[in-house]
Amino acid sequence: MARAPLTLTVLNEQLAALGRPPYEGPDEPAALRLAALDAVLAALDAGAEPGRPLLRAAVRVTLDRLAEAAPGRAVEVRVPPFAAVQCMEGPRHTRGTPPNVVEMDAVTWLELATGRVTWDEAVRARRITAGGPRADLSALVPLK
């Protein structure tokens with residue numbers, strides 16, 4: 001199955017489905033990804049399912065922010081099937097499965113990244129799989 005790219009048209013279709021005005025910002029990838037994050041959060045608030053291209057863009061932009069906020073390669077954060085990043089200082093791994101891995105679905109990640117759910121709430125609800133001594137993102141979420 002081919003991946004549908006995030007485009008201005010795809011973004012505006014999601015916004016229209018939510019009863020929101022069309023996006024009027026720049027038609028460049030970074031700006032579209034930020035707008036996609038807003039559209040995904042609006043869809044979740046409305047109880048609607050966000051489009052896959054928007055969900056992918058929202059996950060990627062927030063994971064990029066995490067990697068910028070906590071540079072390093074000690075922990076791998078995975079949000080399949082959309083993206084994964086390495087972050088946090090500490091011993092880095094270069095091959096094979098890293099010793100510190102955090103994995104969750106896209107909605108859980110976006111809720112953590114935006115402060116809609118806390119790390120402890122998501123862990124207690126078993127929405128996160130985390131393994132390794134450094135696999136705790138509680139000090140990093142919500143993202144600034």
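Within this structure, Ala30 fails the test of being exposed (fewer than 14 other Cβ atoms within 10 Å of the Cβ), of a type in the set (Gly, Ala, Ser), modelled with pLDDT under 95 and not in a helix (DSSP H, G or I).
Restricting Pro99, Pro91 to those that are out of contact with any strand residue (DSSP E or B) (no Cβ under 9 Å at 6 or more places or on another chain), over 23 Å from Gly115 (Cβ atoms) and of a type outside the set (Phe, Trp, Tyr) reduces the list to Pro91.
Candidates are the residues of segment 103-144 that are within 11 Å of the chain's Cα centre (by Cα) and small (Gly, Ala, Ser); the one that is surrounded by the most Cβ atoms within 10 Å (Cβ to Cβ) is Ala113. Within this structure, Arg56 passes the test of being under 15 Å from the mean Cα position of the chain (by Cα), surrounded by 20 or more Cβ atoms within 10 Å (Cβ to Cβ) and not β-branched (Val, Ile, Thr). Leu34 falls short on exactly one of the conditions (1) more than 13 Å from the chain's Cα centre (by Cα); (2) more than 19 Å from Asp105 (Cβ to Cβ), and that condition is (1).
The values are calculated or read from the model by the stated rules, or taken from the named source; none is laboratory data. Computed from a predicted structure; not experimentally measured. A quick note on method: Cβ atoms are made from the backbone with ideal geometry, for glycine too, and the neighbour counts reach across all protein chains shown.
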